[in-house]
Amino acid sequence: MANYYQPEIETMPLDKLQALQSERLVEQVKFVYDNVEFYRNKMNEAGVKPEDVKGIEDLHKLPFIEKDDLRDQYPYGLLGVPLSECVRIQSTSGTTGRRVVAFYTQEDLDVWEECCARAIVAAGGTKEDVVHVCYGYGLFTGGPGLNGGSHKVGSLTLPMSSGNTARQLQFMEDLGSTILCCTPSYAANLGETITEKGLKDKLKLKAGIFGAEPWTEEMRHNIEETLGIKAYDIYGLTEISGPGVSFECEEQAGMHVQEDHFIPEIINPETGEVLPEGEVGELVFSCITKKAFPLLRYRTRDLCYLTRKKCSCGRTHIRMHKPMGRSDDMMVVKGVNVWPSQIETVLLNLGYQANYQIVVDRIGNNDTIEVRVELTPEMATANDVPVSKREAEIVAGLKSMLGIKVDVKVVEPKTITRSEGKAVRVIDKRDLYK
Ligand code: DLL
């Protein structure tokens, strides 16, 4: 086993793990109450004293934190330590309002990178590997997180950042990259170019660690095939540290949450009630070791479920199913809930790749929804099925999945803008929140 696998933590028996969580939670609650005025006020309002939380069974007593709280407290309102103890910030892209700026002490960075190191090892990484990181660097957590994790594993780290596909492929070939870290949509783009240029046999890639955006099982299979690798999912969010909050092991059957640092809960997004294991709801995290930006019961808006079913990898940490959507990016179109992942499933099942865009608009009082999808290069070359027939087939597939009529346009290969980071798949022109 590689040098960064931590069996004493990752395979800890449940009773010991929960005792550790309880001990850390009790300490953390006291820490935030004493050091962050925002928490003190929030807990006082909710009538909860630090001593009311005696272990993880009392977690539900604490109030939730929401993205709006972070925006209201921007930039320093949630700091748990003096600014002089902080050594780094990372930030979200801030496309929907004010940015979230997360702060880290050196110890917070070490924990975060350790989680990323565990993810790399779970994907088969050792110090013999060449880890090719083409997540964005800078404020985005993807590049810095996996970069730090790869250093901890002792792998040779290629800090490529995103973009410049020709250069990515050149380095991959010349330096023999074995583990690729990027968004799944960029992995799919790289796969396309590798196929076009016939490069697959010249590369040494064996695994990929892909996350930061939703992707389906069908997309996983396509990427695994075009790149000749095993593709692992990794999850995280800036507010909770970044990538590595959870990740897949060799079983590829849900992501192990790093429970010695983060306690997950699933709640009913409408009522806030905690749901039992196995039920789908909104994922909530409490950070029990982070000091600079110590969030407790943070509502992620990501929808999924948790399972404690035994995993044959030996890790005991609870697994989360890949996010099945977000409680806030679900679109209501013609009165029906529509998840982009449902549309993707239909397209990939019909043999298309994940090169598509969903455009939602409103004309008068009526919603319109159009899906534009590219022909694959093979479909375009074969040219054996009329486009109108293809479109009708997709319309029927979407109707049966969503229950509504969707307009479909099948377009030529390479006509939809490629992403180098997170893909922009939905263009909603309705301005529903104005
Ligand atoms: O995307 C952190 C990250 C970087 C994760 C690299 C994995 C790899 P944010 O930019 O703050 O952080 O976005 C967080 O992205 O709440 C999810 O909605 C979504 N997300 C992250 N990972 C996954 C995943 C990074 N594996 C938001 N599957 C989260 C689906 C994901 N959605």
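The values are calculated or read from the model by the stated rules, or taken from the named source; none is laboratory data. None of the values given here were measured: they were computed from a predicted structure. Positions of Cβ are generated from backbone atoms using ideal geometry, with glycine treated the same way; all protein chains shown enter the neighbour counts. Protein only, heavy atoms only, side chains kept; ligands, DNA and RNA dropped before computing areas. Shrake-Rupley method; radii C 1.70, N 1.55, O 1.52, S 1.80 Å.
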### Message
Here are the criteria: (1) under 18 Å from Gly242 (Cβ atoms); (2) open to solvent by 20 Å² or more (accessible area, probe 1.4 Å). Tell me which single one Leu175 does not satisfy.
### Response
(1)
### Message
Restricting to segment 280-336, count the residues that are within 12 Å of the ligand (Cβ to nearest atom) and over 19 Å from the mean Cα position of the chain (by Cα).
### Response
0
### Task
Could you give me the residue pairs with C-beta distances under 6 Å whose first residue belongs to segment 316-338 and is farther than 23 Å from Gly244 by Cα and among the polar types (S, T, N, Q), whose second residue is open to solvent by 20 Å² or more (accessible area, probe 1.4 Å) and within 13 Å of the ligand (Cβ to nearest atom) wherever it lies, and which are 6+ apart or on separate chains?
Asn337/Met330
### Summary
Residue set Glu217, Glu213; condition out of contact with any Ser or Thr (no Cβ under 6 Å at 6 or more places or on another chain), open to solvent by 20 Å² or more (accessible area, probe 1.4 Å) and not polar (S, T, N, Q); output residue Glu217
### Task
State whether the residues of segment 206-221 include one that is within 11 Å of the ligand (Cβ to nearest atom) and small (Gly, Ala, Ser).
yes
### Query
Is at least one residue of segment 373-382 open to solvent by 80 Å² or more (accessible area, probe 1.4 Å) and either in contact with a Cys (Cβ under 8 Å, 6 or more places away or on another chain) or on the phi > 0 side of the Ramachandran plot (or both)?
no
### Query
If you scan segment 345-367, which residues turn out to be polar (S, T, N, Q), open to solvent by less than 40 Å² (accessible area, probe 1.4 Å) and part of a strand (DSSP E or B)?
Gln357
### Task
Please enumerate the residues belonging to segment 100-145 that are away from the ligand (no atom under 14 Å from the Cβ) and open to solvent by 20 Å² or more (accessible area, probe 1.4 Å).
Gln106, Glu107, Asp110, Val111, Glu114, Gly124, Thr126, Lys127, Glu128
### Task
Only strands (runs of 3 or more DSSP E) wholly contained in segment 248-322 count here; list those with 2 or more residues that are within 23 Å of Glu27 (Cα to Cα).
262-267, 281-287, 298-304
### Query
Considering only residues of segment 222-238 that are in contact with a strand residue (DSSP E or B) (Cβ under 6 Å, 6 or more places away or on another chain) and in a helix (DSSP H, G or I), which is farthest from the ligand (Cβ to nearest atom)?
Glu224
### Query
Looking only at residues in segment 173-205 that are closer than 21 Å to Lys414 by Cβ and more than 23 Å from the chain's Cα centre (by Cα), which one is farthest from the ligand (Cβ to nearest atom)?
Gly198
